[in-house]
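The values are calculated or read from the model by the stated rules, or taken from the named source; none is laboratory data. Owing to the predicted nature of the structure, the values given are computational and were not obtained by experimental measurement. Counting neighbours? That spans all protein chains shown, and the Cβs are built from the backbone with ideal geometry, glycine included.
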Amino acid sequence: MIVDVLYPQTYLRMHPADDDVFADPVQKHRRHLMPLVSVDLSVVNPAWQGWVHVVNPYEPEDGIVGQSTGQYHAGFVQANWLAFHLDADNRYHWLGDWRYFQLELDEGVQDEAERAVIEKHYRVTEQAYQAKKAEFLAHGCLPCPWDETEPFNLLNQIGGSAAFDNWASSGTSGAVPLNIDNAEDVYPSMPDGRRFYFVCELDADVYGDYGPGIIVFFEPESRTVVMTFNWS
């Protein structure tokens with residue numbers, strides 16, 4: 001287990017390129033998701049190969065992601081949960097209906113004023129993301145404005161396990177099967193019982209001005225990646 005990563009490492013790719021993270025349609029993925037960092041899976045388990053990407057959704061403007069589009073939930077794409085297939089080229093394929101995201105809803109389904117608020121939220125969030133990316137490129141870290149001696153963590157933890165917290169009780173109860181027998185090792189499972197393994201956790205707001213803690217899990221046989229969000 002690795003904790004409190006402050007500076008770039010060989011097992012990280014900071015702000016990876018869109019087409020290194022997403023399969024086609026690349027721009028559709030990128031419209032809703034900001035690539036933050038990629039993590040070498042072999043650091044978590046030497047038997048694994050490839051890179052898992054931590055991405056942050058622009059939504060929600062308020063609440064939790066997916067909470068108002070329940071009719072389009074399926075599988076591991078649920079309120080407060082995203083899911084992707086990681087292909088042989090280490091690119092993500094979205095495993096849900098795009099209408100999970102509010103901006104993909106047909107015009108007329110959504111109140112115009114509400115849609116305008118969400119569109120503005122996307123724009124402002126993207127601007128902050130790009131500003132923090134430029135800051136990282138200039139300094140080689142994510143500077144902390146109130147502590148000149150130590151920057152923000154790039155990642156809080158890689159490998160090990162995820163403890164029970166808000167993420168495990170947010171969203172729709174039972175929509176994503178969770179094993180909570182051990183409060184220090186909580187994880188989702190596939191329908192056939194295969195467990196997901198914890199990959200990493202970070203604070204998304206240090207990569208912009210918006211976002212919760214992001215917790216990432218990986219199921220190696222199906223190469224399914226799921227991520228959930230810890231709101232304080």
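Looking at (1) in contact (Cβ under 8 Å) with a residue 40 or more places away in the chain; (2) out of contact with any strand residue (DSSP E or B) (no Cβ under 9 Å at 6 or more places or on another chain); (3) over 23 Å from Met227 (Cβ atoms), which is the one condition that is false for Tyr122?
Tallying (1) in contact (Cβ under 8 Å) with a residue 40 or more places away in the chain; (2) out of contact with any strand residue (DSSP E or B) (no Cβ under 9 Å at 6 or more places or on another chain); (3) over 23 Å from Met227 (Cβ atoms), Tyr122 fails exactly one: (3).
Hey, among the residues in region 104-156 that are closer than 24 Å to Val216 by Cβ and hydroxyl-bearing (Ser, Thr, Tyr), which one's surrounded by the most Cβ atoms within 10 Å (Cβ to Cβ)?
So the residue we want is Tyr129.
Cys200 versus (1) at pLDDT 95 or above; (2) buried (at least 20 other Cβ atoms within 10 Å of the Cβ); (3) farther than 22 Å from Arg13 by Cβ: which is the lone unmet condition?
Of everything listed in (1) at pLDDT 95 or above; (2) buried (at least 20 other Cβ atoms within 10 Å of the Cβ); (3) farther than 22 Å from Arg13 by Cβ, Cys200 misses just condition (3).
Only strands (runs of 3 or more DSSP E) wholly contained in region 158-232 count here; list those with 3 or more residues that are polar (S, T, N, Q) and within 16 Å of the chain's Cα centre (by Cα).
So the answer is 224-230.
When residues of region 50-74 are filtered for being part of a loop (DSSP other than H, G, I, E, B) and crowded, with 16+ Cβ neighbours inside 10 Å, how many remain?
Matching residues across region 50-74 total 12.
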